[in-house]
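The values are calculated or read from the model by the stated rules, or taken from the named source; none is laboratory data. Bear in mind that the values here come from a model prediction, so they are computed numbers and not experimental data. So basically every Cβ, Gly included, is an ideal-geometry build from the backbone, and we count neighbours across all protein chains shown. Note: areas computed on protein heavy atoms with side chains; ligands, DNA, RNA excluded. Shrake-Rupley method; radii C 1.70, N 1.55, O 1.52, S 1.80 Å.
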Amino acid sequence: MGDGWTMRKLWVGAGVAVALGMGFVMLLVVGVYLVAGNLAGASGAGGAKKLAKGTVPAAYQPLVQKWGNLCPAINPALLAAQLYQESGFNPRAQSAAAAQGIAQFIPGTWAAHGIDGDGDGDRDVWDPADAIPSAASYDCSLASYVKDVPGDPTENMLASYNAGAYAVIKYQGVPPYKETQNYVRIITTLEKSFAAPTGRVDPSEQAAGAIAYAQKKLGTPYLWGGNGTAEQGGRFDCSGLTKAAYESVGIELPRVANDQYNAGPHPAREELLPGDLVFFSDDLTNSRAIRHVGIYVGGGYMIDAPRTGAVIRFDPIDTPDYFGATRVTEDGAKALPTTA
């Protein structure tokens, strides 16, 4: 109850401050750190993982939810993290190494492990109704190969996916390969951004610095594609501003808003804290359709770079196209693909 009262005081104070203008800057920065101190380590206990709202495109969400529970080594959020990392949920994705479809199977692996997930009589690597069940089935097969290996079954499964089950058996756990260790870390970190939080999400200590950076840009004209460079007159678009704000405190975000959404867990509207990224979309079922982002400052307001012809300013967040929020974490940002 004390923590909730602290947050309510912060939100009310920030709301009054927006009305008063720039006088609230130091109060807000101090407030973020007070909340961070009060809530540090207060996250709830874990449990069965469910997908966070909108993290998986609506067309694929039932498949991921169903097949993500195929065996104990996987869960829907983990399966979603793999699909996002592999293809960004693009069913037509094809890599230079001939990996194909939403789950990026190479032809040899598909021939051995592809299944007819929708029971229509064929196995089509380009059809998510086959490819998503096949990805889950393949994960579970790998988990069964290494079930007697000591350590975390999910990490051993992911290591097998990257390096082969033989290597995991040989080293009796995640092998000492940098690529494999990075893959395990990336997927298990990304999993947190696809899972619905089971308790309070810890605040970011970098949030105040990101807000302070954005505040200094108030009044700057918008520029589509703007990254704030000297050649661009220090101008930004929406995701260019949020990227630069968090870069100022040592966190590297992807360039586009729909990838920034996966830079950490997703607090509910009533749990927002200053520094959270807030997102907007015309399709509230699909994070890949996100088209706008701002930095929440409290009191129902954000700092954002809205559109051509406007300037960086305070805007309300409670609009019909409000999609959700992300509490940026350093590990979450590091796990994201670096290309748009």
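Structural remarks
- Count of the stretch 59-72 residues which are open to solvent by less than 10 Å² (accessible area, probe 1.4 Å) and either touching a strand residue (DSSP E or B) at 6+ places or on another chain (Cβ under 6 Å) or in a loop (DSSP other than H, G, I, E, B) (or both): 1
- Screening the stretch 306-318 for residues that are assigned to a loop (DSSP other than H, G, I, E, B) and either open to solvent by less than 50 Å² (accessible area, probe 1.4 Å) or among the aliphatic types (A, V, I, L, M) (or both) and picking the one that is farthest from PRO265 (Cα to Cα) gives ALA310.
- Across the stretch 177-194, not a single residue is classified as in a helix (DSSP H, G or I), open to solvent by 30 Å² or more (accessible area, probe 1.4 Å), among the aromatic types (Phe, Trp, Tyr) and without any contact (Cβ under 8 Å) to a residue 40 or more places away in the chain.
- Pairs where the first residue, in the stretch 216-241, is open to solvent by less than 50 Å² (accessible area, probe 1.4 Å) and the second is charged (D, E, K, R) and not in a loop (DSSP other than H, G, I, E, B), C-beta under 6 Å, 6+ apart: CYS238/ASP304
- Those residues of the stretch 241-261 which are part of a helix (DSSP H, G or I) and either closer than 16 Å to SER193 by Cα or more than 17 Å from the chain's Cα centre (by Cα) (or both), in sequence order: LEU241, ALA244, ALA245, ALA257, ASN258, ASP259, GLN260
- Subset of the stretch 149-197 (residues that are touching a Pro at 6+ places or on another chain (Cβ under 9 Å) and of a type in the set (Lys, Arg)): LYS192
- Within the stretch 111-124, residues that are farther than 17 Å from ASP139 by Cβ sit with their Cβ atoms under 6 Å from residues that are open to solvent by 70 Å² or more (accessible area, probe 1.4 Å) and not small (Gly, Ala, Ser), at 6+ positions apart or across chains, in these pairs: ASP116/ARG123.
- Of all residues making up the stretch 87-109, the number that are in contact with a strand residue (DSSP E or B) (Cβ under 7 Å, 6 or more places away or on another chain) and not in a loop (DSSP other than H, G, I, E, B): 2
- Residue list for the stretch 121-151, filter: open to solvent by 20 Å² or more (accessible area, probe 1.4 Å), in contact with a helix residue (DSSP H, G or I) (Cβ under 8 Å, 6 or more places away or on another chain) and not in a helix (DSSP H, G or I): ASP122, ARG123, ASP124, LYS147
- Members of the stretch 78-90 found to be touching a Leu at 6+ places or on another chain (Cβ under 9 Å) and farther than 20 Å from SER144 by Cα, listed by number: ALA80, ALA81, TYR84, GLN85, PHE89
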